[in-house]
Amino acid sequence: MGSITAKLIPLDGSAPISIVRDVTVVGRKSGLCDVILNHPSVSKLHCIIAKTDGLLFVRDLGSTNGTKVNGQRVTRGALLPGDEIAFASAKYRIQLGPGEAPVTSYDHTEAIPAYPQLIDEQEELIGSVSDSASDIRIKPDDSHVEIFD
């Protein structure tokens, strides 16, 4: 399943911030927040940004100076490409697009152990079926394979 890339593009021209996690905590408090904004008007725990099914959502965490989307103060809401989001006085433009987000230390490839004996048994079965004059029929739901002589 493809994912979206999400970025906060600062309106002040500073470096963009990638939103790489499914749930991202935004605020001033390092150690608790995933995106740390060093603005005195931003609350320690300001809001959460959630990525799901190709969409971005924001939920304010009761911040003192609020979260605004396109100039409107919100407690929660959807974010669309090009929307302006303000965490108190820190303003950003939402950028969304298809593609893979960069790999983070939270991401890893799951190791799946190989079972050589099962692979050998499957190859033997496939070889013995293809050598015979059997008629193989796969039912439409792919749940059963029948071999007819």
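General remarks:
- Entry remark, region 40-59: residues being open to solvent by 60 Å² or more (accessible area, probe 1.4 Å) and not acidic (Asp, Glu) number 7 in total.
- Candidate set: region 31-83, residues that are acidic (Asp, Glu) and outside any strand (DSSP E or B); chosen: the one farthest from Asp12 (Cα to Cα): Asp53
- Residue, nearest to the chain's Cα centre (by Cα), within region 24-44, restricted to residues that are among the small types (Gly, Ala, Ser) and within 16 Å of Ile85 (Cβ to Cβ): Gly27
- Checklist (1) open to solvent by less than 30 Å² (accessible area, probe 1.4 Å); (2) free of Cβ contacts under 8 Å to residues at least 60 places away in the same chain applied to Val26, failing item: (2)
- Extreme residue, least open to solvent (accessible area, probe 1.4 Å), among residues of region 11-23 that are over 21 Å from the mean Cα position of the chain (by Cα) and touching a residue at least 60 places away in the same chain (Cβ under 8 Å): Leu11
The values are calculated or read from the model by the stated rules, or taken from the named source; none is laboratory data. Model, not experiment: these values are computed from the prediction. Neighbour counts run over all protein chains shown; Cβ positions are idealised from the backbone, glycine included. Heads up: the accessible areas ignore ligands, DNA and RNA and are worked out on the full protein's heavy atoms, side chains in. Shrake-Rupley method; radii C 1.70, N 1.55, O 1.52, S 1.80 Å.
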